[in-house]
Structure formats: structure tokens, C-alpha cells
Amino acid sequence: MSLGRILVVDDEAEVRKSVRLILTKAGYEVVEAEDGGKAMEVMNSGDNARMIDTIISDIYMPNMNGMEAIAYFRSQFPSIPVIVLTGQTDRQWVDMLYKQGVSDYLVKPVEPETLTSLVRKTTRERMLLKDSFKT
């Protein structure tokens, strides 16, 4: 049984693969998208909008960047936590991301323990929220 379903949005295939391997090893199911537009397609297909427990997104991507994608996720799926995983370390960006409602911010390359710990936290919060709507 999976601990949760995570959407990983990054234009770098190696980053998606690394995050997928870390999270799969930790017991999560991982869905991938190479940019914000593809992530929107993933979220709007089948039951994904109800089944995704955390979104991990880069900022700088072609087609639709992470800021646009995050704005979409926050407006359409406000109960799904969003974690930013990027190489950007500018404090102004960090402040802007938190104002957009992201749950947390990680800088690449990320330590596996740091990533799994944060995903565990956000996924647990999402599960508790889903359970509260069942009763």
C-alpha cells in the first residue's frame, strides 16, 4: 500500500527520476510531468485531482513555468500542498512563493532524508484533511 501519491513537476528528467526513486523507496507513488502545462493535464485526468497528496514543482521550466503552475494549483486545488524544489535561492523568490501559498521550499540538490521528511509531513496533513471530509 502506498503512503500517498506525489506529483513531481520538473523539466529535468534526471531530477524527476531522482525524486521518484527517493520517494518510491520511501513508499510513495509518484506521477511525473515535465512542465506546468503537462502537470495541469495530469491533474485534470481521471481521479488525479482527488488522488494527488502533494505536488513538488520546479520554478524554471519551458512552456508553463512553475510560478504559473503554482498559481493554477493554488486556485484549483487549494487543499493539495505544494513544495517548491528549485535551484533558485533568492530570498525575494522565497517570500513570493510563500505568499502564493506553497507549503515549503527546497533547494536542489536535496538530501533524500529532507525530501522524504517534508513529503511525509505534507502528505499526512493532506490525508487528515481528506479524512475530515469523509465524516
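The values are calculated or read from the model by the stated rules, or taken from the named source; none is laboratory data. Owing to the predicted nature of the structure, the values given are computational and were not obtained by experimental measurement. Neighbour counts are summed over all protein chains in view; Cβ atoms, including those assigned to glycine, are modelled from backbone coordinates with ideal geometry. Heavy atoms of the whole protein, side chains included, go into the accessibility calculation; ligands, DNA and RNA do not. Shrake-Rupley method; radii C 1.70, N 1.55, O 1.52, S 1.80 Å.
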Could you check region 63-72 and list, in sequence order, the residues that are over 16 Å from ALA49 (Cβ atoms) and within 12 Å of the chain's Cα centre (by Cα)? GLY66
Report yes if THR116 is open to solvent by less than 30 Å² (accessible area, probe 1.4 Å), more than 11 Å from the chain's Cα centre (by Cα) and without any contact (Cβ under 8 Å) to a residue 40 or more places away in the chain, otherwise no. no
So, in region 73-96, of the ones that are hydroxyl-bearing (Ser, Thr, Tyr) and under 16 Å from the mean Cα position of the chain (by Cα), which residue ends up nearest to GLU32 (Cα to Cα)? THR86
Based on what the data block shows, is VAL9 within 15 Å of the chain's Cα centre (by Cα) and open to solvent by less than 60 Å² (accessible area, probe 1.4 Å)? yes
Tally, over region 35-63, of residues that are surrounded by 18 or more Cβ atoms within 10 Å (Cβ to Cβ), closer than 22 Å to LEU118 by Cβ and of a type outside the set (Val, Ile, Thr): 7
Going through region 23-34 in order, the residues found to be closer than 18 Å to GLU111 by Cα, out of contact with any Lys or Arg (no Cβ under 8 Å at 6 or more places or on another chain) and open to solvent by less than 30 Å² (accessible area, probe 1.4 Å) are LEU23, GLY27
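Give the residue, chosen from GLY87, GLY66, that is surrounded by fewer than 22 Cβ atoms within 10 Å (Cβ to Cβ) and farther than 16 Å from LEU118 by Cα. Lay out the reasoning, then the answer.
On the way: GLY66 fails: surrounded by fewer than 22 Cβ atoms within 10 Å (Cβ to Cβ).
Exactly one of GLY87, GLY66 is surrounded by fewer than 22 Cβ atoms within 10 Å (Cβ to Cβ) and farther than 16 Å from LEU118 by Cα, namely GLY87.
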